């Protein structure tokens, strides 16, 4: 199966392990990724807040170029990228006036024939759990994971393929297929503070702090995420959260693709598990998972 | 609070916001479920319910300078909780857009500064250069050493590279023309 792959800016920078592990894992599960030709930024929330026409045009440029390839589906690992691409696709479909303006701005025609997906939900719905299970070489036995979807997955009709956006389950199911113990909790789609990390850091420490506290209380060995912003906030700010809350949390925060790769027998360094601020390897070793 | 003061400018403002955001604000019940779930609402930042009330009442200046419109991270919790499915983050975004167009000084300048630098990076290079944008934000906002400790630790792990900040200054034409035309057409 071949799909378009839109990595998004973060996956070239701070979320490089997400890109690396996505490419390895998709190859292993038979999902051929055709990288979006000559892709550029989706505009994210700053463009949305500055100028809606700019925001839709930035997403539309990518959609138009992907449409020229032979794929009908496109996956984006970053939930905000996939939400923006999907929303722009839908807005262009229902608003001919906007479509005309976007054509004028980008010089590109959009047929609207693409279907945009979140990577994790697409793997769950189109590759399936059996295909994942059959490739597991080292089940994540005894590893207690907390699936954290983040807020951008949860918008109704927005970013995910989940039947109930308020209570997504794909990530839980994928983790169970890897043999992990999946913990239930109340914060799976709560906001971590997202892009306020630089400007309103205190707010992010408060919001991410609640999530870390709850994960610790539930007994998580690892927090597994699908969003680059969630990963960055929970991982790199955990030290500051500890100073603020006078706690000693040390919960590693990893991408779901890294755990799929690990269970399939790929080496931790190949999956760049050693790139996170809080090293996940000690806890995995303690659980008897790594030699 | 009355729904509107019925003046034509109040109605124009409401319909402008509704058109830009594609949301029917007259359906708002003012129940406040959005504010109850809003992660960025605080003692300093009013929740979404108040923002919608300001738009409904035609209080244009008040709505445009409401700090919520800049703090909003577009998480969509307001929409999920809303009994009549109003996406208030689209309302916030529309108000930011109007504030930009009317060249109003942003009520929360640091968030706006970060977003302006983010878009400058995209306009210049086609893709966001994360580390350079963070470095530029720190310089411009006067927080020179903010998060430098984290940057160094991640560099030592090989997770990020300082080369990304200093390398690659050539401008990329792919999206700069999109910015130019979108500004013109609006």
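Nothing in this text is a laboratory measurement; each read-out follows from the coordinates by a stated rule. The structure displayed is predicted, hence computed values, not measured ones. Backbone-built Cβ (ideal geometry, glycine too); neighbour counts: all protein chains shown.
Calculation over all alpha carbon pairs of the protein assembly as shown in 20 angstrom steps from 0 returns a P(r) of 24, 59, 16, 0 percent.
Extending 7 Å from Cα along the Cβ direction at residue B:12 and again at residue A:115 yields two label points whose distance is 4.6 nm.
A simple spin-label model places pseudo-atoms 7 Å from Cα toward Cβ; at residue A:34 and residue B:30 they are separated by 5.4 nm. Quick one: among B:123, B:27, B:115, which has the greatest mean-square fluctuation in a GNM of chain B with alpha-carbon springs under 10 angstrom? Maximum fluctuation in the GNM of chain B, among the listed residues, is at B:27. Each peptide in A:23-36, A:68-81 gets a packing score, the mean of other Cβ atoms within 10 Å over its residues, and the list from highest to lowest is A:68-81, A:23-36. Pairwise Cα distances in chain B exceed 23 Å for 53 percent of all pairs. Inter-chain Cβ neighbour count for A:36-47, averaged per residue, equals 6 (cutoff 10 Å, partner chain atoms only). Rounded to the nearest 10 degrees, what's the angle between the helix A:96-106 long axis and the longest principal axis of chain A, both from Cα atoms, 0 to 90? For A:96-106 against chain A, the angle is about 80 degrees.
Once the Cβ-Cβ distance of residue B:104 and residue A:137 is raised to the sixth power relative to R0 = 51 Å, the FRET efficiency obtained is 0.30.
Note on region A:132-291: Rg/Rh from Cα positions, Kirkwood definition for Rh, rounded to two decimals, is 0.95. Normalise the Debye intensity by I(0) for region B:8-101, one equal point scatterer per Cα, no solvent, then take log10 at q = 0.11, 0.17, 0.18 Å⁻¹ and round to two decimals. At q = 0.11, 0.17, 0.18 Å⁻¹ the computed log10 ratios are -0.25, -0.61, -0.70. Approximating the spin labels as points 7 Å out from Cα along Cα→Cβ, the residue B:169-to-residue B:20 distance works out to 3.6 nm. Normalised by the number of residues in chain A, the mean separation of alpha-carbon contacts (under 8 Å, six or more apart) gives a relative contact order of 18 percent. For region A:94-181, the spread of Cα positions along the three principal axes, ordered from largest to smallest, is 56, 26, 19 Å.
Between B:143, B:22, B:71, the Gaussian network model of chain B with springs among Cα atoms under 10 angstrom shows the greatest mean-square fluctuation at B:143.
For chain A, the longest principal axis of the Cα atoms and the long axis of helix A:16-28 meet at an angle of about 90 degrees. Protection proxy ranking, highest mean first, for peptides A:225-233, A:125-133: A:225-233, A:125-133, where packing is the per-residue count of other beta-carbon atoms within 10 Å, averaged.
Above 15 Å, the calculated P(r) of region B:109-185 contains 62 percent of its Cα-Cα pairs. When chain B is treated as a Gaussian network with alpha carbon springs shorter than 10 Å, the biggest mean-square fluctuation among B:103, B:157, B:173 belongs to B:157.
Averaged over peptide B:121-128, the number of partner chain Cβ atoms lying within 10 Å of each residue's Cβ comes to 6. In chain A, the longest principal axis of the Cα atoms and the axis of helix A:201-218 are about 50 degrees apart.
Given Cα pairs under 8 Å that are at least 6 residues apart, what percent is the relative contact order of chain B? Relative contact order here is 17 percent. Using C-alpha pairs under 8 Å with a sequence gap of at least 6, the mean separation divided by the residue count of region A:204-291 gives a relative contact order of 28 percent.
Partner shielding of B:75-83 amounts to 5, given as the average count of beta-carbon atoms from other chains within 10 Å of each residue beta-carbon.
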